[in-house]
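Notes follow the structure.
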Amino acid sequence: MTPSLLLRNDKIVGPDTAPTNGDENALPFPLKFEPIVELSTDYRYGVEVLAHLPAHLNSEKYFHQLSIQQRRNLFYRQLATLRCYRLDHYYSLNLPMRAFLDWPLFHLTMVTYPPGLIIEIQDPETFFSLSIDQRATVFKAMRWVESRGIPVWLDDVNEALLIAFIKAKWHLSGVKLDKNAFWILSKTPGKLRRLIQMSQAVADLMIIEGIETEKHKEIALCAGANLGQGYLWPATYPDKT
């Protein structure tokens with residue numbers, strides 16, 4: 001998958017242009033794409049695909065109250081909708097960790113998928129509430145997904161979670177450092193560098209969230225991060241093709 005050049009003046013299309021066809025598979029909210037950027041080149045590696053909620057809804061509260069099945073259904077509806085767009089880079093969709101516990105259903109449902117998909121585990125802290133057997137089941141399912149050519153990333157990871165995944169001997173394609181952890185560690189670049197070095201035991205790629213300024217970008221790059229995401233690169237509302 002070849003990354004595309006990220007232009008700071010990318011056309012931003014109003015959310016009312018998102019696909020809504022009125023059927024039962026229509027998404028409840030339009031999509032928005034948050035760029036994921038190669039820090040060393042400023043090329044777009046991909047996008048995180050998110051729901052664009054109305055201003056009066058708190059996104060964290062809204063998605064937290066959804067059941068695992070509802071979040072998994074949303075994943076598949078987003079996946080189906082993305083077939084309507086022209087995507088020439090990677091795109092990531094979110095799934096809860098417990099979705100991988102029901103592996104037979106997940107396996108049967110995920111028969112075909114467009115190229116370029118990345119699955120982000122949106123709640124890595126769930127790891128702490130799983131039994132040893134459940135952790136083994138989840139990790140086995142994730143590794144199976146990766147063996148089919150779909151990278152799995154752990155979202156919103158901090159130092160405590162990294163240590164837990166290292167002890168569990170988990171290794172996946174990517175980890176995304178939580179934005180609050182980055183903002184704190186960006187004040188002590190040496191600590192950030194050590195954390196990124198430590199993350200190599202868990203994943204091949206380190207993605208830094210919360211990059212809002214050129215200074216943030218420079219700090220993340222110098223610390224050894226591969227990719228970045230944040231307000232420095234505004235979200236776009238995609239045109240249907």
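The values are calculated or read from the model by the stated rules, or taken from the named source; none is laboratory data. Computed from a predicted model, the values in this text were never measured in an experiment. Every residue, glycine as well, gets a Cβ built from its backbone with ideal geometry; the counts of neighbours run over all protein chains shown. Areas reflect the complete protein model, heavy atoms only, side chains present, ligands, DNA and RNA absent. Shrake-Rupley method; radii C 1.70, N 1.55, O 1.52, S 1.80 Å.
Sort 123, 156, 204 from largest to smallest accessible area, using a 1.4 Å probe on the heavy atoms of the protein chains.
Ranked list, largest accessible area first: 204, 156, 123.
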Tally Lys/Arg at +1 and Asp/Glu at -1 over every other residue whose Cβ is under 13 Å from the Cβ of residue 66; what's the total? +3
Under 18 Å from the Cα of residue 215 - lysines, other chains or at least 8 residues apart: 179, 187, 191
Only Cα pairs under 8 Å and at least 6 apart count here; give the relative contact order of region 108-241 as a rounded whole percent. 19
With a 1.4 Å probe and all protein chains kept in place, how much accessible area does residue 85 have, in Å² rounded to the nearest 10? 20
Computed over region 82-241, the ratio Rg/Rh where both radii use C-alpha atoms and Rh is Kirkwood: 0.98
